[in-house]
Structures are given as structure tokens and as C-alpha cells.
Amino acid sequence: MLVTPLTPQFGASVTGVDLGRLDDAQFAQIKEVWLAHRGLLAFPLQNLSDDGLLAFSRRIGRLDLPPNQEHGRQSPMGFPEIYVVSNLKDQAGQPIGALGDGEAVWHTDMSYEANPPLASMLTAREIPTTGGDTWFCDMIGAYADLPESLKQRIAKLKIKHDGTYNSAGLLRAGLTPSDDPVTAPGTLHPAVIRIPETNDLALYLGRRRMSYASGLTLAESEALLDELWQYPVKSHRIYWHKWSIGDLVLWDNRTTMHRRDSFPSSERRRMHRTQIKGVAAPPAFITQKIRISGSPAE
Ligand SMILES: [Fe+2]
């Protein structure tokens, strides 16, 4: 197994293994490498079948159902745990998957859930000749980049994660449109989470649209979120994956965010994804109580 870093800070490319024929020692090594590289691994040219994709996914954990997207939940026939991301249409003219051909903005998957998926993996079945690349950013590094004053401001902050719109900006099936982040329904998660396996701290933002920093006025929330969002998307925190058919990319939704470039509507793109269940809501970063000199100990 050959492990090559994708960037100086995070992510690795793993070659010399067949994900469809891993022995236990190889799988244990992949899990170690995955943690060591902050939750992003690319496996070029694996060409896993849908059965192989499910089998590898299940070695990591139990699977979540696909997200409810603009056309509801869509999966290949007989594979309800696989999510199709595609601009293609079937013979009846119905889309076979989600997100169309437009840009998908920075996000982490399904963070509007109380227990968001721990991880996702995506494999390329058909790719356009141009565009459709997927970008990843490093949320452990983003947190480390924050000035100390900002770390303190968000130490106990919770952010509301919206489930109304998907990353392509499309209304999820059956939901009511809203433009008010304060009153719209959503799930609160800590702005800073601790990764139990490594004790790393990561910024946990979800997606920018309809996000709301709980307890603040909308103007205060917008200003704070705009400030926080500057950090993860700096160029030195980003890996840009240009797909080849058969590539598989595995990411930890706690330690990374991702986005997708648009591509020409005349071209075909078809990706299959699985999502691994999270065991609990991301844990809050509990700041240590600071004892001020002369004050009584609590
Ligand atoms: Fe996504």
C-alpha cells in the first residue's frame, strides 16, 4: 500500500490496494491512514461495483439512507443505501439523481440531521470532459488558523444547520421555502467539535446559506459567520480532486467540507455515494474554566 499526501496539511492518495479485496490488516491500515490525514482519502481507479461500494462502506460502519434532495431520495434499482449524484435523465425524462449540473457550494453532508453521517464516499461512474471537480477543505486546519480571540468567542457557540435547501441551492422535496435563518427550522450543533479518536478540534459550519449563530441578532450572526467562513476556504486548506472514472474518495464529514464545480449541461456525470452513520451528534468543545487570580475557586 502506497500512501501519498494530497496536500502538506491534509488528505492522502492510497494506491496499491483493491478495496474490493481488502484483508483485515489492510483495512486497519486504511483506517489509521484516514485518521492521520485528517479524514480525506482518495483511491484512484478502484472501479468498485455497487455491491463492492456497499461492502467497503459497511466495513467502516452502518449506513444512512441517502438525503432527501430536490426530487426526493434516489438510488439505483435494488440499492436503497446508494445515493445518485447526476444530471442525467431516464427514458421518461425524469432525473436519475440529484444536484443537476450547477455548482454545489461548500458544505458538509446532512449536517441538518441531529446525528449527521460520520463519513461519505463517492465513486465516479461517468464524468464530463471539463468541470464537475470536487474540492475539499480541512476543518481542523481552519480551526487552528483562527485568532485566539475568535476561538474564545465561538467556544460555546452553537450554529443552526438548515435542511431546507441542498448544496445546489434547490429546495428539498416536501419542504417549505424560507429566507429567515432566525426562524427557519434547523438543527443546532457546536461551532467547534472535538474528534474523539484524535482529540483534534475542528470548525463545524455545515453550509453558509440559512446558517444562524444561535443567540445573536441576525446582523451579528451574519457578521460572525462571514468572518468564520473566511478560514476554511483559504487556498492552502484546499484539495481539488479531478475525477477519473473508477476513482473513490472517502471523507470524514466532521473534519472536512466539500464543494463541486459546475459542468456543461450537454455532458454526462454520474456518481454513486454512500454515507456512514454518525454514532452521536458532534461533541461540543468544553472550555476549561479559567480561574481568575483572587476569585474563589468554583
Ligand atoms: Fe455533499
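The values are calculated or read from the model by the stated rules, or taken from the named source; none is laboratory data. The model shown is predicted, which means the values in this text are computed figures rather than measured ones. Methodologically, a virtual Cβ is constructed for each residue, glycine included, from the backbone with ideal geometry; neighbour enumeration extends over all protein chains shown.
Some points to look at:
- Across the range 197-247, the number of residues qualifying as touching a helix residue (DSSP H, G or I) at 6+ places or on another chain (Cβ under 9 Å), modelled with pLDDT of 95 or more and part of a helix (DSSP H, G or I) comes to 3.
- Matching residues in the range 128-168 - criterion: being of a type in the set (F, W, Y), under 16 Å from T7 (Cα atoms) and either out of contact with any Leu (no Cβ under 7 Å at 6 or more places or on another chain) or more than 16 Å from the ligand (Cβ to nearest atom) (or both): W135
- Qualifying residue in the range 172-192 (condition: within 16 Å of the ligand (Cβ to nearest atom) and either touching a residue at least 60 places away in the same chain (Cβ under 8 Å) or under 24 Å from P147 (Cβ atoms) (or both)): yes
- Members of the range 104-127 found to be within 23 Å of P44 (Cα to Cα), of a type outside the set (A, V, I, L, M) and away from the ligand (no atom under 12 Å from the Cβ), listed by number: T123, R125, E126
- Failed item, numbered, when N199 is tested on (1) more than 16 Å from the ligand (Cβ to nearest atom); (2) surrounded by 20 or more Cβ atoms within 10 Å (Cβ to Cβ); (3) more than 15 Å from the chain's Cα centre (by Cα); (4) within 30 Å of A55 (Cα to Cα): (2)
- Residue within the range 90-104 that is within 17 Å of the chain's Cα centre (by Cα) and more than 15 Å from H272 (Cα to Cα) present: yes
- Pick from the range 231-269, criterion surrounded by 20 or more Cβ atoms within 10 Å (Cβ to Cβ) and hydroxyl-bearing (S, T, Y), ranking: nearest to the ligand (Cβ to nearest atom): T256
- Extreme residue, nearest to the chain's Cα centre (by Cα), among residues of the range 119-153 that are in a loop (DSSP other than H, G, I, E, B) and surrounded by fewer than 21 Cβ atoms within 10 Å (Cβ to Cβ): D133
- Of all residues assigned to the range 112-125, none qualifies as being touching a Pro at 6+ places or on another chain (Cβ under 8 Å) and farther than 13 Å from W251 by Cβ.
- Candidate set from the range 56-103 (those that are polar (S, T, N, Q), at pLDDT 90 or above and under 20 Å from G169 (Cβ atoms)); member that is farthest from the ligand (Cβ to nearest atom): N87
- Any chance L54 is under 21 Å from the mean Cα position of the chain (by Cα), within 20 Å of E126 (Cα to Cα) and assigned to a helix (DSSP H, G or I): yes
- Of the residues making up the range 6-21, those that are more than 19 Å from P232 (Cβ to Cβ), part of a loop (DSSP other than H, G, I, E, B) and out of contact with any helix residue (DSSP H, G or I) (no Cβ under 8 Å at 6 or more places or on another chain) are G16, D18.
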